[in-house]
Amino acid sequence: MPAYEKPNFVHPFNVATEIEHLRNHKITRNIPDKSNDKLLIGSWNIANLGLQIRMEDHYEILAEILNWFDVIAIQEVNDNLVGLRAIESFMPSNYNLVFSDKGGNNERSAFIYDSSLINQLELVGEISVPPKDHAYIKLKGVTSKFTGFDRNPYLCSFQWKNETFILITIHSFSGGKSKVDLERRALEAYAVGRYADLRNGSKNAFSKNIIALGDFNIPMIEKGDVVYEALIKRGLKLPEHSTRVYSNISNDSMYDQIAFLPSIKSKIVTHGVFDFDDAIFPELWENSISDFKKYLRYYISDHRPMWMQLDL
């Protein structure tokens, strides 16, 4: 994505104080602590990571949130790894990092995981639909043709205790609200759902615990939304969502999702969205809501993390 405009002001803050605000709000939002018997998965689109010029204190704040999870998918990682490396420097030493090469929009995808609890397994790659199969990526009422992903979904396999699972991190085509752009996103969403459905039915699947998570650029989770309906068409499920806490700081869209096969539904303990913007930089909020949002989307993110806890 193009970088947001850098704020033309400086906001001094104490990083320890802001982390305390976040930890208190974590309790308010019922994000469970990490445990040895349940798996805590997260996903976060961190705006233009590596492209926008953050300071060390901002990276420490980002790392604080990321290390609450056993494994977390990160979207919008720029080809320039400076941002990801800066976050890594603030993560506990038991956390490991794996990331893709650059794709569309000069972006990578990444996973950060706690290697003391989770093993990374052999299967690492991207979802790519061969040209001969493009004709199968079609939807009723959609006239656009699927020509491939803008940013190929990046997948990685992991082991938690005796269970294997595959995470697929998504950053769908962004575009605008035109019919053509919405149809392009819908076809990408359907292609992800089709992949999960086909692997779920294959005797050669590496694992059938498949979870697709990230920024699907879905406007709303409701009947009639072409992207949402495409995503769930082949059987993927989404958790029930709060109508109060959305996945963007504008609080008006559900771009980000954690989608899973039906077999995983019974294993979900709890889930949610972490609206960090309700807790951080309160003095800036009180002085200027406009400046607060500009500062947040540049130095932290315009998206909120999503999370899900599983009892595998």
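Since every read-out is calculated from the coordinates, none of them should be taken as a lab result. It should be emphasised that the depicted structure is a prediction, and the values quoted were computed from it without experimental measurement. Cβ coordinates were reconstructed from backbone atoms using ideal geometry, including for glycine residues, and neighbour counts include every protein chain displayed.
If I filter segment 20-42 for residues that are of a type outside the set (Lys, Arg), in contact with a Ser or Thr (Cβ under 8 Å, 6 or more places away or on another chain) and in a strand (DSSP E or B), do I get at least one hit?
Taking every residue of segment 20-42 in turn, none turns out to be of a type outside the set (Lys, Arg), in contact with a Ser or Thr (Cβ under 8 Å, 6 or more places away or on another chain) and in a strand (DSSP E or B).
Listed residues Asn36, Asn14, Asn24, Asn96; which is over 24 Å from Phe173 (Cβ atoms), without any contact (Cβ under 8 Å) to a residue 12 or more places away in the chain and either surrounded by 13 or more Cβ atoms within 10 Å (Cβ to Cβ) or not small (Gly, Ala, Ser) (or both)?
Answer to the selection: Asn14.
Pick out the one residue from Leu97, Leu49 that is under 20 Å from Arg297 (Cα atoms) and not acidic (Asp, Glu).
Leu49 is the lone residue from the list that is under 20 Å from Arg297 (Cα atoms) and not acidic (Asp, Glu).
Take segment 121-151 and flag every residue that is in contact with a strand residue (DSSP E or B) (Cβ under 6 Å, 6 or more places away or on another chain) and surrounded by 15 or more Cβ atoms within 10 Å (Cβ to Cβ).
Listed by number, the residues that qualify are Leu121, Glu126, Arg151.
Is segment 189-211 home to any residue that is farther than 21 Å from Ala47 by Cβ and in a strand (DSSP E or B)?
Yes: segment 189-211 contains one or more residues that are farther than 21 Å from Ala47 by Cβ and in a strand (DSSP E or B).
Scanning for something in contact (Cβ under 8 Å) with a residue 12 or more places away in the chain, crowded, with 22+ Cβ neighbours inside 10 Å and at positive phi, does segment 201-217 turn up at least one residue?
Yes - at least one qualifying residue is present in segment 201-217.
One residue is enough: does segment 139-155 have a residue meeting the conditions among the basic types (Lys, Arg), closer than 23 Å to Ala196 by Cβ and more than 16 Å from the chain's Cα centre (by Cα)?
Within segment 139-155 (the criterion being among the basic types (Lys, Arg), closer than 23 Å to Ala196 by Cβ and more than 16 Å from the chain's Cα centre (by Cα)), the answer is yes, since at least one residue qualifies.
Any idea which of Asn8, Asn30 is closer than 29 Å to Gln159 by Cα and exposed (fewer than 14 other Cβ atoms within 10 Å of the Cβ)?
Asn30
Identify, please: which residue in segment 99-120 is surrounded by fewer than 17 Cβ atoms within 10 Å (Cβ to Cβ) and small (Gly, Ala, Ser) and is, among those, farthest from the chain's Cα centre (by Cα)?
Among those that are surrounded by fewer than 17 Cβ atoms within 10 Å (Cβ to Cβ) and small (Gly, Ala, Ser), it is Ser116.
Determine whether segment 201-215 contains at least one residue that is touching a helix residue (DSSP H, G or I) at 6+ places or on another chain (Cβ under 7 Å) and among the polar types (S, T, N, Q).
Yes, segment 201-215 contains a residue that is touching a helix residue (DSSP H, G or I) at 6+ places or on another chain (Cβ under 7 Å) and among the polar types (S, T, N, Q).
Please go through segment 168-185 and give me each residue that is surrounded by 14 or more Cβ atoms within 10 Å (Cβ to Cβ) and either of a type in the set (S, T, N, Q) or closer than 25 Å to Ile41 by Cβ (or both), ordered by number.
Within segment 168-185, Ile168, Thr169, Ile170, His171, Ser172, Phe173, Ser174, Arg185 meet the criteria.
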